[in-house]
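So the structure is just underneath, and the comments pick up after that.
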Amino acid sequence: MKKERDLTSGNITSGLWAFAVPLMLGNVIQQFYNLADTWIVGRYIGNIGLAAVGSSYTLMTFLTYIIIGLCLGNSTFISMEYGKKNIEKIRNGEPILIDREILSVESQMEEFMYLGLRKIEGVSRTDFQNYFGKNVDDVYGEILDKLEEEQLLEFSGNRIRLTHRGMDVSNCVLAEFLF
């Protein structure tokens, strides 16, 4: 009979030890294997064999950590599916699709201005026009005029940037561009 453990309820410490002890024992057994390997190779093969075993240990450790990293990354997606109660999908090994958020054009313009103004060079009017097919002044004209009047934005040729004062209060300035 297969035993299931619910780690979301009950004593956290006992659940943690139930996972930690086998891992620790596995590491101890691995170290005994390495000791035996080193002793046998050193005794019967010699220094060159011992050097080979020592250098291969580093490579194997590196590869092991890559695999561990990939497993940890996958566990995030598996946990999200578990949270969505898609247990059968996990058990059957079905591909896990990542949810994507599709931004509206309005949200994309907000993000363009919000992130662009955080850069020292600011936002290019030409880039805005090319990305969205709209003039930045037609979309944000009133806000741009207001922030320029308050000396929070400056216009330099084709670029719109925060002034030094605007940088000091940038979160307040950038919030103006959110619809």
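Derivation of every value follows stated rules applied to the coordinates shown; laboratory data play no part. This is a predicted model, so every value here is computed, not measured. Cβ atoms come from the backbone with ideal geometry, glycine included; neighbour counts cover every protein chain shown.
Relative to the longest principal axis of the Cα atoms of the chain, helix 47-83 runs at roughly 50 degrees. Once C-alpha pairs closer than 8 Å and six or more residues apart are averaged by separation and normalised to the residue number of the chain, the relative contact order reads 13 percent.
Electrostatic bookkeeping for Leu153 treats Lys and Arg as +1 and Asp and Glu as -1; over the other residues with beta carbon under 14 Å from its beta carbon, the sum is -3. Between 0 and 90 degrees, the angle of helix 12-44 with respect to the longest Cα principal axis of the chain falls at about 60 degrees.
Distance between the C-alpha centres of segment 107-161 and segment 1-57: 57 Å, rounded to the whole angstrom.
Does segment 38-119 classify as rounded, prolate or oblate by the C-alpha gyration tensor (a ≥ b ≥ c root eigenvalues; a/c under 1.5 gives rounded; else a/b over b/c gives prolate, otherwise oblate)? Please report the intermediate quantities before stating the final value.
On the way: a/c = 6.63, a/b = 2.06, b/c = 3.22.
Verdict is oblate for segment 38-119.
How large is the Kirkwood hydrodynamic radius of the chain, counting all unique pairs of alpha carbons, in Å? Please report the intermediate quantities before stating the final value.
Details: mean 1/r = 0.0435 Å⁻¹.
For the chain, inverting the mean 1/r across all distinct Cα pairs yields 23.0 Å.
In loop segments of segment 44-115 as defined by DSSP, the GluC sites (Glu not before Pro) with at most 10 further C-beta atoms inside 10 Å of their C-beta are Glu101.
Taking a ≥ b ≥ c as the square roots of the eigenvalues of the Cα gyration tensor of segment 15-75, is the shape rounded (a/c under 1.5), prolate (a/b larger than b/c) or oblate? Note, shape of segment 15-75 comes out oblate.
Using C-alpha pairs under 8 Å with a sequence gap of at least 6, the mean separation divided by the residue count of segment 136-179 gives a relative contact order of 30 percent. Arranged from fewest to most other beta-carbon atoms within 10 Å of their beta carbon, Val136, Val21 become Val21, Val136.
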